[in-house]
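Below: the structure, in structure tokens.
Quick note: the coordinates plus some simple rules give every number you see, no bench work behind them. Everything quoted here is computed from the prediction, not taken from an experiment. FYI the Cβ positions are ideal-geometry reconstructions off the backbone, even for glycines, and counts take in every protein chain you see.
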2 protein chains.
Amino acid sequence: MSEIIPPRVLKGFRDSLPEHEISRKHIQNVLEHTFELYGFVPIDTPVLEYTEVLLGKGGGDTDKQIYRFKDNGGRDIAMRFDLTVPFARFMAGHGAELYLPFKRYHMGKVFRGENTQRGRYREFVQCDFDIVGIDSAAADFEILLLMARCFENLEAPDVGFHTAHRGVFTRFLAKLGAAEHSVEIMRAVDKRSKIGEHEVRTLLADRIGETAADELLAYIRPQATNEATLAMITELAGGEDNETRRLNTILEWSEKLGLSDRVVLDPSITRGLDYYTGIVYETFLRQLPEIGSVCSGGRYNDLASLYTKQHIPGVGSSIGLDRLMAALEELDKLPPAGAGVDVLVLCMEERLIGRYHEIAEHMRGTGIRAEVYPEAKKLAAQFSYAEKRGIPIGIICGAIEAESSVMNLKNLETRTSDDQLSLAEATQKARLILQRRSHQNYNA
Amino acid sequence: MSEIIPPRVLKGFRDSLPEHEISRKHIQNVLEHTFELYGFVPIDTPVLEYTEVLLGKGGGDTDKQIYRFKDNGGRDIAMRFDLTVPFARFMAGHGAELYLPFKRYHMGKVFRGENTQRGRYREFVQCDFDIVGIDSAAADFEILLLMARCFENLEAPDVGFHTAHRGVFTRFLAKLGAAEHSVEIMRAVDKRSKIGEHEVRTLLADRIGETAADELLAYIRPQATNEATLAMITELAGGEDNETRRLNTILEWSEKLGLSDRVVLDPSITRGLDYYTGIVYETFLRQLPEIGSVCSGGRYNDLASLYTKQHIPGVGSSIGLDRLMAALEELDKLPPAGAGVDVLVLCMEERLIGRYHEIAEHMRGTGIRAEVYPEAKKLAAQFSYAEKRGIPIGIICGAIEAESSVMNLKNLETRTSDDQLSLAEATQKARLILQRRSHQNYNA
């Protein structure tokens, strides 16, 4: 072999080492299990799509952030940068094979060539869940309920689900005579936590005058209770209508389902430039406000208009898994990855490897994760391997023990031994140690 | 919205619809669970890498099949075309953070721009598992054992694990005076099932003469028993050595662990142009010989020599998940995806949605997958939805039932009803129906 190639990873990309990957799989499993309890089914779409499909005919501003190139057949293709656009294309293409309402979840890698300065990655995992083909309060509420259950099942502490209504906000802006400035207004409101209310007021006053700016700041300020906030925005928007009534219904159901400690009607949530038309959601970890929303979404009135004349309303939300994992880690709420293995059968003599695998197989049959050290190295090296991996139990079986079908079990954490056990006894003992351990972890 | 963009998917790519995706997740879960029982830990690597890392300094012939392009920073990058090369780069880069032997599995999408004629896809999922940092019979055997357990746990019928040894084969070729033609010889041998033995003999005779060709055909022909085959190749290769002894040990352990009905010493397995140096494996579904090997691998003596001077031997195997799924489907061994949901709480009145979610939540708490129909549509439409999705149980709760906290449960398969049940009774009844059903499926 000639010159060594440095084993570099591209900037903005990273490997997932076992500990990280075990945690990631755990989180994904919890989320998948939750989605399935609510009747959501999984789909997947390709990583590569026609650029036209991802960006529309025009292309637009976003194309600098996407990985776009020509394939060997000269096609203009690109890597998906979110899971929403491929889902829209999916619904337009498979409508006839599906039923409505269609409730799907989708977890997958997406790619953006954007600036990596703020700890962002260019490859990251998104997790989207949507109910499409229906426009009802029940669907809006179900997404909110599911968001709450996901974070509950992840044991995330102190989570706030902030919700608002883009339709009501739009009606309010029209009443204010500021409809034409809605884009700039939402941009300014979104900056509130970064630049402070005073600065936002200045931005707004420049655009729509001081009186309107003050009224707008009043609109986005949550009151002491959700009821009071709702009453306030209803009045400011010009009175009750179907949209304020739907918000009211969703808040009532939230209370009935025990979510009123977590669901906050927060009119400052606008979801900026997104295509939402009804309810919008953002999710905050109250102990980590600085990381922003970890699960956001809302109702859109037409998912797939780019690809079909069929009208497909929907509502959904999306979790950025990498950001969520980082947050859970910071909150010390990532379950310990552990060794990934419970028992090491040490290799005393290589000719006994068959016996060692018999022992391991018997234990695996009872659900114990067992491995056989694959070489008759010095015992010190094998114990050091067990220690590095954090394996709690060792099985030692030399020629004499093998002869009489017994083995010694070593608790590698307490450094105690049980000798001359039959395979059944050793398995039983291992199970006891593991149960006690998992009970301790549970109570820790 | 102006012109409609056709919702096309690129040639060689496909969407995964819920039924397919549920099956894929099931298979992945079975495999992951199996790997974990054997102490294998998961890793992941980026989809995009430096082209130099994937192809080496030269680039070589393969570059036409890979997705390669310049990113916005002008870097020459490419999408991974397998999981082996990224793993080599991973080991070279993370060696210091890991322990050896390192046993990892990795499931992920890989991309090849190759011809799609033979039902191949340009995006497909591979599943690799390897033990690196050790060169021992025990590791060689463990991969074989794990292959056997994976297919057992997938309930794949009639599987044959064919194994051979590249080192013994190389010694045989040297003795035959044909070492310099080894590449062409392995190519010819690999074509045996396609072009037939006669044609292979012609190819070989052209290259190494008729006598040598006949001896070679004798070498690659399995005998009645593994012992006889081993004795034959040992003799043809010039007698016993460490490599034939290792093969013998692996066959003995296979018998001890109950695999002798499935493990076949088959000297015609060469793994063609791959970088294997020791044992090699291929896996055949005997009822579907035409699809070729569904899990292949072997021992390599230096995984990461491109990226590090550290010597990392290893052994591993790889499953092509898409091909395996297609095969299991053909064998009718894909578990039925089912509805993905057990109970539909019908929506009689929209104001009762909160109550419907209470009912559903209670059932979910016992592990039942329940959904609430999100709109007060006509009952016929809701039943038709339940039927399309194959949901077996319906809960009907109108205003009168809600008033007295009862509900009616409809078994949508037998079309029988239980009326006026409390929530606890309805949940209990639903559990009974589902247990009976899963028992029936189990026995089917």
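Remark on region A:225-342: ratio of C-alpha radius of gyration to 2.2 N^0.38 Å is 1.35. From the P(r) of region A:169-261, can you give the percent of Cα pairs sitting at distances over 17 Å? Distances greater than 17 Å cover 53 percent of the Cα pairs. If you model region A:343-443 as an ellipsoid using its alpha carbon gyration tensor, with each semi-axis the square root of five times an eigenvalue, the axes come out at 21, 16, 12 Å, biggest first. Size of the protein assembly as shown: Rg and Dmax of its alpha carbons, in Å, are 30.7, 101.
Each residue of region B:243-256 was assigned a 3J(HN,Hα) from its phi angle through the Karplus curve 6.51 cos²θ - 1.76 cosθ + 1.60 (θ = phi - 60°); the sequence is 6, 5, 5, 5, 4, 4, 4, 4, 5, 4, 5, 4, 5, 4 Hz, with glycine and proline shown as x.
Close amide-amide hydrogen proximity is noted between A:V263 and A:F161, each under 5 Å apart and 5 or more residues distant or on a separate chain (H modeled in the peptide plane; Pro and chain starts excluded). Counting only residues at least eight positions apart within a chain, or on another chain, the lysines with an alpha carbon under 20 Å from that of A:K429 are A:K410.
With kT/(6 pi eta Rh) evaluated at 4 °C and eta = 1.567 mPa s, and Rh the Kirkwood radius from Cα pairs, chain A diffuses with a coefficient of 50 µm²/s according to Stokes-Einstein.
Using the Stokes-Einstein relation with a Kirkwood hydrodynamic radius computed over Cα pairs, the translational diffusion coefficient of region A:88-230 at 37 °C and a viscosity of 0.692 mPa s comes to 174 µm²/s. Over region A:285-416, the alpha carbon radius of gyration divided by the compact-protein estimate 2.2 N^0.38 Å works out to 1.81.
Summing Cβ point charges (Lys, Arg +1; Asp, Glu -1) relative to the Cα centre of region A:343-443 gives a dipole of roughly 460 debye. Listed values for region B:378-389 are Karplus-derived 3J(HN,Hα) couplings in whole Hz (6.51 cos²θ - 1.76 cosθ + 1.60, θ = phi - 60°), namely 3, 4, 4, 5, 5, 5, 5, 4, 4, 5, 4, 7, and x replaces Gly and Pro.
In summary, region A:1-117 shows an alpha-carbon radius of gyration equal to 1.34 times the 2.2 N^0.38 Å reference for compact globular proteins.
When only Cα pairs below 8 angstrom with a gap of at least 6 residues are kept, region A:279-339 shows a relative contact order of 26 percent. A DSSP coil position with no more than 14 other Cβ atoms inside 10 Å describes the following GluC sites (Glu not before Pro) in region B:1-104: B:E3.
Each listed q (0.17, 0.21, 0.22 Å⁻¹) maps to a log10 I(q)/I(0) for region A:55-166, found by the Debye formula over equal Cα scatterers with no solvent: -1.12, -1.29, -1.31.
For region A:169-261, the relative contact order is 25 percent, taking Cα pairs closer than 8 Å that sit 6 or more residues apart in sequence and dividing their mean separation by the residue count.
Remark: region B:200-207, residue by residue, has Karplus-estimated 3J(HN,Hα) of 4, 4, 4, 4, 5, 4, 3, 8 Hz, where x stands for each Gly or Pro and the curve is 6.51 cos²θ - 1.76 cosθ + 1.60 at θ = phi - 60°. With the Kirkwood sum run over all distinct C-alpha pairs, region A:276-319 has a hydrodynamic radius of 11.8 Å.
Applying the criteria of a DSSP loop state and at most 15 other Cβ atoms within 10 Å to the GluC sites (Glu not before Pro) of region B:356-431 yields B:E413. Amide H of B:Q223 versus every other amide H placed in the peptide plane: which residues, excluding those fewer than 5 positions away on the same chain, fall under 5 Å? Sorted by chain and number, the residues that satisfy this are B:T229.
Short-range pairs are left out: with C-alpha atoms under 8 Å and at least six residues apart, the relative contact order of chain B is 14 percent.
Under 5 Å from the amide H of A:Y105 lie the amide H atoms of A:V41, A:I43, each residue being 5 or more positions distant or on a separate chain, with H modelled from the backbone and absent for Pro and chain starts. Using Cβ point charges alone (K and R +1, D and E -1), the dipole size of region A:169-261 about the Cα centre works out to roughly 220 debye. Here A:K194 is the anchor, and the aspartates and glutamates within straight C-alpha reach of less than 15 Å, apart from those fewer than 8 places off in the same chain, are A:E290. Across the cross-link table entries B:K57/B:K109; A:K11/A:K191; A:K377/B:K109, which are compared at the Cα atoms, the separations over 26 Å belong to A:K11/A:K191; A:K377/B:K109.
Within the listed set B:N72, B:N29, B:N115, the Gaussian network model of chain B (springs between alpha-carbon atoms below 10 Å) gives the highest mean-square fluctuation for B:N72. Positive-end ranking of A:V30, A:M348, A:S296 along the dipole of chain A, with charges on Cβ about the Cα centre, is headed by A:M348.
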